[in-house]
Structures are given as structure tokens and as C-alpha cells.
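Q: Take this structure, written in C-alpha cells, and hold onto it; I'll ask about it next.
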Amino acid sequence: MLAKEIERAGIPTVFVTSLPTIARMIGANRIVRGPAITHPFGLEAAERRRIVERALEMLETHVEPTTVWEAAP
Amino acid sequence: MVRAVHYLNQFFAGLGGEEAAETPPTRLEGPVGPGRGLAAELEGIEITATLACGDDYFAEHEEAALARLLDLLQAEGAELLVCGPAFGSGRYGYACARLAATAPIAALTAMHEENPGVGAAGAALVVPTAVNVAGMRDALPRMARLAEAVAAGRELGHPEDEGYLPRGFRRNRHAEETGAERAVDLLLSKLAGETRTEVAAGFDRVPPPEPVPDLSEAVLALVTEAGCVPQGNPDRLPTIRAPGWLRYPLPDEAGLESGRYESVHGGFDVTLANEDPNRLMPLDVARTLEREGRIGGIHDAFYTTTGNGTPVAASTRFGQEIAAELRDAGVQAVLLSGT
Amino acid sequence: MTAWELATFSSDLLGDVPELEGVDVEIVRPGEPVRITHVLDAVEPRARPDGRPAFPTEARAGEGRTNRLDGVTVLSCLDFPAEERPLHEQESLVDMGGPGADLTPFSRTTNVVLRFRARPQASNEELEAWARRTTLDVAESVARPTLRTDPVEVERFELGPADESLPSVAALVQLSDLGPLYYQYVYGVRAAEAGLPRAIEPAELLDGAVTCGEYHWAALRNPTIFFQQNRLVRTLHDEHGKRLRFAGVVLMRGYEQTAGEKQQAAEQAAELAAGLAADGAIVTTDAGGNSHTDVMLTCRACERTGVRTTVIVAEMADPESTSPGLTDWVPEADSVVSVGNAEETVSAWRPERVVGGDLLLDGTPAAEAGPVPVRNYLGATNQMGQLALTATTW
């Protein structure tokens, strides 16, 4: 689980995935749910931008361990 | 005759490959695919129906999928549920585990010991298997033996003796040596570089690092477990159980060009990703945000591996190595894309 | 460097127990279908040829020679009568047969059982002091016949020079002090007043310097005999010059009362370990509850000082749950010996006879009790590693 190890080095990491439950189980802390396995950032650029902006927001936010945010607030 | 139901994903149920991964829960008559092999091994147990569900459908609609599957299960009047074997497939293993864990009847499943589904199986028994389908012939008889034991209500012995993965219950036993002697051994091992423990507190948890105060002043790196590589996979990143990770220069362009980059992840249908690689690693959006000043800068390299069946010890090591490079390069935040 | 000799004598020499007012004496032998209840302490009979006390309160232990009686244990039993008690004692059993017999070594020794009859006017503390002193006196008394004959074996405890390249290991031994009926004693002084943490000679621990006045957590507390026969000190002693250098023993207190005091005590113990030039330390636990916090803080303090640690602790895991059962934990505790799960239960057993008290503390008739949690068997999950019980994951 890359996210946890990069976090262990102290670098805030946000993990975008369509499988947030597994990501929580393995211990990632900042998780944004993506719409699908084949395209976790969505299909079109507009949706992609929304998801990335959400992810960036999460990087700038204090979170409790293993927190999942939906792409659209 | 004990009535049993078998759960399979879309592929093993013969409904199709990755393109059928969105199939909602469905019922098939009797044993299907590997269920036939399983039925042949079972004594005193009859597989009356097979329930199937697409791996992606389950992952993206877990609650609805479980509810429907449990309804279908109840309609069968079965006393036993067998799920899988899922081998190393994470989505399939997770679905098997969740179904086995929530089923109101005796349930067992089977998958590789490092399948993330193992942790989701609750009190259901998990039979360890090989990491891929080559282990089918070996797995089925072992699943059958345990299914018979469960159906008979037999009290099970130690996981190692009975062929299932430990579930986390602690049971006392007398060791060969006293605790004092074991402590001396453990300490000397630790001093010699090998740390072992007889009991752990639980999952290893890393607390969330402090947030980035202001990304407009920070360097962000892109990392992907989705196996994004230059077209042609010049360094031959494996599609499954990658033994390492790769670093590539991040292109200066405004995004990842189709045809210049592809995904070699073997665990999902990469058609959509290859049409537009930004769907897996969103460089186009990241560049736009960098130009607009939302992000201070994007690190000039990206890291890639395939998070498909990677053993925990390996992925831990990859993460540590990548983290060390990022830290040395002064990267302050990471956007990690999975699947 | 002083040497100490421990001379072993056969149990045949077990002497008569003197007449004791207010005490019923019974000899219970291995194999008898007896359940012993309300057990306070277990003590190995010891006597010194030079006439000094076997459980000294003044001069130092661990010098000269001490005689021990093999295969005999003195057990004290008392049901504290007084109503007010700040800390409720917990049941403490020794089963000579049935499934509980495997949990303690006392099912295999000839036990001199002293049942103290509570005196109506006496407070719990007065009764305790009387019971404790009497038990130690009896333990000495029944060993006196050894003074007149030759031992079966003599062991010599002396730490000579050892290869400097061997890793240096210290034992950090936790003692309880949480108030009345909850003290361990160092030369007769309760732990909180005995200047802990403090280094002592290993032989002092084996020679009666530490005695037990703690009556909770039967399986997790350290009765006197487990200091006298301490496996950890013996093992470190045996390994000295072979796989390690035995740096010494540090006694430290469990149940420091505030977070600040806990932290300070942990740091002082770590400092002492570092002062002994220990590369590593084995940290032991006494009793349950927040004494486990003291152990974990000590583990962390040692690691931060550069002293690597292995911790010995019991688990309190709900047998029906997969939740981990460590009472407390720090990330530095990456090398932990589990001496078993004290919450596991032992199936019911019907003894033919009960000694010590017919009713358990919870009011159940002792002859019909069960399943019994491992927690209630004296010494069963000893956290100095005295026994071989452990837990594995199913």
C-alpha cells in the first residue's frame, strides 16, 4: 500500500480510488472515491477536474485516520 | 443432503470477462464453471444454485449488491454458502469475503492469503489458495473438505491443521519453552536485526500527516498504481505482481497523450484508460491547475507500478523507496491514483 | 563480585509446621482431587545455614549460601472479611486436578496450605500483615531440617567477566504498589517507598529480597515463589558469557499514579538500564490494568534511550472476538512475549475437597464453580515469563 508508506515518510498523500473500503482497511488516510475501476477520475475532463480539486482540498485539510470523501460534496 | 449455494464472479460464472464486470447479481441453476469441479469433490452436499455478480458492480454498489445477493440466497433455502475461489483478484476476493461475512448461514470462501478480501471475511472461514487460477485443481478439494466439516457442524482444530487462514481468535497453548526463555531469544534476535513478536496490537496504522498549508506554494508529485507506462511498456512493467516500480520523466505537455502512454495493469479493462491516459493519471487537469496557480508546481517525474496482486511486503518496500526519493526531492504532497 | 550459593534439598526433609493459633494447616499432595481457594501467596521453603533470615529486611540477600526445599510450596489462604476495601480482591485458585491443574506449577508440588481464620476485630491490613509474616516464617521453619544434612545439588550464582562483544542484557522487573493489599515488598518495604527504580544484584531477587503482598489478578500477579525461582534471572545467568552479558536487574514500580509520574518513572528506569550499559532489556509486568501502561511507557523510554526491548505481558482478549487483547501498547513494543490470554476460560471441574474456603469471592460454591477464567488461577499467566503458557492466533 503505497499511500501508507509515503505518509509514513510524512508526505500528505491523497488516494483516488473506486475501492475506498479496501483503501481504508489497508490504512490509507486521505481517500477520495472515484466513480469506476476502469476510470477512477471519471471519463471527461470536467469530472476529472472536480475529482482532482476535491483531492487537492483534502491534502489541505486535517483529517481523522482513514477518511473517505466523495468526489462531489 | 445439505443444500449449498456457490458464489462466483462474472468471469468464472461464464458471463464474460472484464467487459461483463458490471453485471448485477444474478442466479444460475446448479453448479457452474468451477462449481462443477467443486460439486464433484463434495460428499453429502449439493450445490443447488450459483449466484454471480460482476466484480465492478459489487465494488461500486456494495450495499445494493449484498442486499440482492442475500435475497437470492434466502430464496434458495440453503444451509451453506461457498464463495470463490478468488485467488489473487482483489475485487473478487473482497466480494466473496463480504458476502461470506454477511450471509446468515454457514459460509466459507477461498482466496490467496494476501488478497485484501481476507481482512473483510469476518468470522467466515477463508481457505488459502494459490495466487492465480493455476491453483484451481488444488483449491477445490480443500474447499470441499472444509465445507463438509462446516456442514457437519464439526468443531474445527487449529487453522494449520484444518487448512483455513487464522481469523484472529487468540487461544492458549503450552509452548516448548518458558516465556522468559522466549523473551531472551526474541531480544537477542532483535539485537541481531530480526524483530519478531508473539502478539501485535492490531493493524499497523500511520497517522495522517499534517495537511499542506497551501498547495499554491507546494510541489505535488503524481504516483500511480494503475500501471501507467510509456506506450509499448519499454521497461516491461509486469501486469501483475510487479516486482518493482518505475520512474519516468513527467512530460512537459499539457496532458498524457493517447498512444504515447498506456496502462499495463492486468486487473481491469484498460480500454477506456488507453483511449485517454489522463483518466488514470490526471496530468491534464494537474497542468491546468498548475498554470492557474492552484498548485505551486508538479514534480518532474512520476512513479508507476501495478497494484495488482502485489504482496504486502513488496508494496511496503516499494512505497518506502518511492517515499525516500520524493522526500529527498522536496516533494510536499502526493496525488496517488489507484483503480 | 559476590557469589551466592543455592543448595537444593529433597522434599523428604519437609519439616513439621509449628502450631499456629488461628491457622488451619493442611498438606495437599499432587494428584489429590483438591481445589485450594483464596490463595494469597506461594512461597518456597528456604533456610540459611548462617542463621540469617531467609526473607531479610535488613542485611543484603544474595550472598553466602541459602538452602531450598525442592518440590514443596507453602500456600497461604485468607478471605478478607472487612466490608470496606478500596480495591476489591479477586479470586485466586490452585486446582490439584482437572483442567486447571496444568495452569500452575503448584499442582505438582507438595503444598503446605495455611488457612488463616479471620479474627473479628482485626482490619484487613492487620490480617494481611499477620498472614504474610506467618507464611514467610513457616516457609523458613519447614526448611530447617535442611540445615542438618547434605544437599542434593548446589548452584553457584556469580557473574564473572564475559566476552565484550556479546550483547548486554538487563532485566527490568516491575513491582506493584497501588495501596493496601496491593503491595510488593523489597526487603520488607513497599515498592513505592523502596527507592524504585533501583538496580539490585540478580541473586538478591532469587534470595528472598522481594516478597508479595499483592492479592489481585491471580494469574497476572507475581507471588513470592516466582521471584525465588525466577526463570528470567536464571536464564540470563545461564546465558552470561554464552549468548549475552547479563547487565543486571532493575526493579521498577508499576501503578505510578499520574501520567507525569508514569512517564518520569519510565524514563528513570530506562536511564538505569542505559547506565548498566545494556544493549537490550527485557521488561516484565506485574498484575493488570494500568500497570501495563507503565510497562509500555518503560519500553518506549528504553527504546528512545537506545536500549532495545522485549516486553513480557499477558493478553486480556475476549475469546469470542478477534479484537487484539493487549491492555495497552506503544509502537515501540514490536517484540512482545505473550504469556497467554487470561480471559480464556477453563471448563468446570468437581474437586472432591476444597481447602481455603468453601465459597468463592463471588458467592459460588467452590466445588461447583466453572467455567473458570484463567485469570483466577494463581500464577497462570505469569508476566515474568515463569511458565510456558502462550497464545496463538486461530
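Read-outs: derived from the displayed coordinates by stated rules, not from any lab. Computed from a predicted model, the values in this text were never measured in an experiment. We place every Cβ from the backbone using ideal geometry, glycine too, and count neighbours over all the protein chains shown.
Q: With +1 assigned to the C-beta of every Lys and Arg and -1 to the C-beta of every Asp and Glu, and no other charges, what is the dipole magnitude of region C:318-394 about the Cα centre in debye, to the nearest 20?
A: Charge dipole, region C:318-394, about its Cα centre: 320 debye, nearest 20.
Q: Lys/Arg Cβ at +1, Asp/Glu Cβ at -1, dipole of the protein assembly as shown taken about the Cα centre: which of C:L361, B:S189, B:Y7 is farthest positive-ward?
A: Result: B:S189, furthest along the dipole toward the positive end.
Q: At a 10 Å Cβ-Cβ cut-off, how would you order C:F227, A:F41, fewest neighbours first?
A: If I rank by nearby Cβ atoms, fewest first, I get C:F227, A:F41.
Q: Shifting gears a bit: Please list 3J(HN,Hα) in residue order for region B:60-77, calculated via the Karplus relation 6.51 cos²θ - 1.76 cosθ + 1.60 where θ = phi - 60°; whole Hz, with x for glycine and proline.
A: 8, 9, 4, 4, 5, 4, 4, 4, 5, 5, 5, 4, 4, 5, 4, 4, 7, x
Q: Same structure, new question: Rounding to the nearest 20 debye, state how big the charge dipole of region B:99-181 is about its Cα centre with +1 on each Lys and Arg Cβ and -1 on each Asp and Glu Cβ.
A: For region B:99-181, the charge dipole is close to 380 debye.
Q: Something else now. So what's the back-of-envelope 222 nm ellipticity for chain C, counting only DSSP H runs of four-plus at -39500 (n - 2.57) apiece and dividing by all residues, rounded to 500?
A: -5500 deg cm²/dmol
Q: Across region B:171-188, in residue order, what do the Karplus-derived ³J(HN,Hα) couplings come to in whole Hz, using 6.51 cos²θ - 1.76 cosθ + 1.60 with θ = phi - 60° and x for Gly and Pro?
A: Along region B:171-188, the couplings run 10, 6, 8, 8, 7, 6, 10, 5, x, 5, 5, 5, 5, 4, 4, 4, 5, 5 Hz.
Q: From the gyration tensor of the Cα coordinates in region A:2-69, what semi-axes in whole Å does the equivalent ellipsoid have, largest first, with each one equal to sqrt(5λ)?
A: Rounded to whole Å, the semi-axes are 20, 13, 9.
Q: Just tell me the longest site-free run in chain B, where the sites are trypsin sites (Lys or Arg not before Pro) in a DSSP loop having at most 11 other beta-carbon atoms within 10 Å.
A: Here the longest segment lacking exposed loop sites spans B:1-153.
Q: Read phi for every residue in region C:175-187 and hand back ³J(HN,Hα) as whole Hz from Karplus 6.51 cos²θ - 1.76 cosθ + 1.60, θ = phi - 60°, with x for Gly and Pro.
A: 10, 8, 7, 10, x, x, 6, 9, 10, 9, 10, 10, 6
Q: Further, regarding this structure: How far is it, in nm, from the label point at B:A254 to the one at B:E113 when both lie 7 Å from their Cα along the line to the Cβ?
A: 5.2 nm
Q: Compute the whole-percent fraction of alpha carbon pairs in region B:215-337 spaced more than 25 Å apart.
A: Of all Cα-Cα distances in region B:215-337, 21 percent exceed 25 Å.
Q: Something else about it: Using Cα springs under 10 Å in a Gaussian network model of chain C, which residue among C:L13, C:L69, C:L172 shows the largest mean-square fluctuation?
A: Sorting by GNM fluctuation, first place goes to C:L13.
Q: Just to confirm my numbers, what's the Cα centroid distance between region C:245-316 and region B:23-74 in Å?
A: 54 Å
Q: Once you place label points 7 Å from the Cα toward the Cβ at C:D102 and C:E368, how far apart are they in nm?
A: Distance between label points: 2.7 nm.
Q: If amide hydrogens are placed 1.01 Å from N in the peptide plane, which non-local residues have theirs closer than 5 Å to the one on C:G357?
A: C:T37
Q: For chain C, modelled as a Gaussian network with Cα springs under 10 Å, which listed residue fluctuates most, C:N376, C:N67, C:N124?
A: C:N124
Q: Any chance you could check the Cα centroid distance between region A:1-69 and region C:131-159 for me, in angstrom?
A: 68 Å
Q: To continue, here is another question. State the percent of C-alpha pairs, over all pairs in chain B, separated by a distance greater than 25 angstrom.
A: Of all Cα-Cα distances in chain B, 61 percent exceed 25 Å.
Q: Using amide H atoms built in the peptide plane, which far-off residues or other-chain residues are under 5 Å from C:V339 H to H?
A: Close amide H contacts, sequence-distant or interchain: C:V313, C:A314, C:E315.
Q: Can you tell me which of B:T178, B:T306, B:T239 moves the most in a GNM of chain B? Springs connect C-alpha atoms under 10 Å apart.
A: Highest fluctuation of the listed residues: B:T178.
Q: Give the residue from B:Q231, B:A103, B:G17 lying farthest towards the positive end of the charge dipole for chain B; charges sit on Cβ (+1 for Lys and Arg, -1 for Asp and Glu) and the dipole is referred to the Cα centre.
A: Farthest towards the positive pole: B:A103.
Q: Rounded, prolate or oblate: which one fits region B:53-128, using the alpha carbon gyration tensor with axes a ≥ b ≥ c (rounded when a/c is under 1.5, else prolate when a/b beats b/c, else oblate)?
A: Here region B:53-128 falls in the oblate category.
Q: Further question on the same structure: What's the local net charge at C:S92, with K and R +1, D and E -1, over the other residues with C-beta under 14 Å away?
A: -4
Q: Can you tally the net charge around C:N67? Count Lys and Arg as +1, Asp and Glu as -1, for every other residue whose Cβ sits under 13 Å from the Cβ of C:N67.
A: Net of charged neighbours comes to -2.
Q: Please rank C:T104, C:T364, C:T310, C:T110, fewest neighbouring Cβ atoms within 10 Å first, as an exposure proxy.
A: In increasing order of surrounding Cβ atoms, one gets C:T364, C:T110, C:T104, C:T310.
Q: Using the Cα centre of region B:2-162 as the reference point, and only Cβ charges (+1 on K/R, -1 on D/E), how large is the resulting charge dipole? Debye, rounded to the nearest 20.
A: With only Lys, Arg, Asp and Glu charged at Cβ, the dipole is about 240 debye.
Q: Using the Kirkwood radius over C-alpha pairs as Rh, can you work out the diffusion coefficient of chain C via Stokes-Einstein at 4 °C, viscosity 1.567 mPa s, in µm² per second?
A: 61 µm²/s
Q: How high is the relative contact order of chain C, given as a whole-number percent (alpha carbon pairs under 8 Å, six or more residues apart)?
A: Relative CO of chain C lands at 21 percent.
Q: Based on the alpha-carbon set only, what is the convex hull volume of the protein assembly as shown divided per residue, in Å³?
A: Spread over its residues, the Cα hull of the protein assembly as shown gives 188 Å³ apiece.
Q: Give, in whole angstrom and from largest to smallest, the semi-axes √(5λ) of the equivalent ellipsoid of region C:169-271, with λ running over the eigenvalues of the Cα gyration tensor.
A: Equivalent-ellipsoid dimensions as semi-axes: 23, 17, 11 Å.
Q: Sticking with this structure for a sec: Could you list, by residue number, the cysteines of chain B that have no other cysteine's beta carbon within less than 4.7 Å of their beta carbon?
A: B:C53, B:C228, each lacking another Cys Cβ under 4.7 Å.
Q: Sticking with this one: Percent relative contact order of region B:215-337, based on C-alpha pairs within less than 8 angstrom and at least six residues apart?
A: The normalised contact order for region B:215-337 reaches 46 percent.
Q: Once Lys and Arg get +1 and Asp and Glu get -1 on their Cβ, which of C:P167, C:V28, C:G260 lies farthest toward the positive end of the dipole of chain C?
A: C:P167
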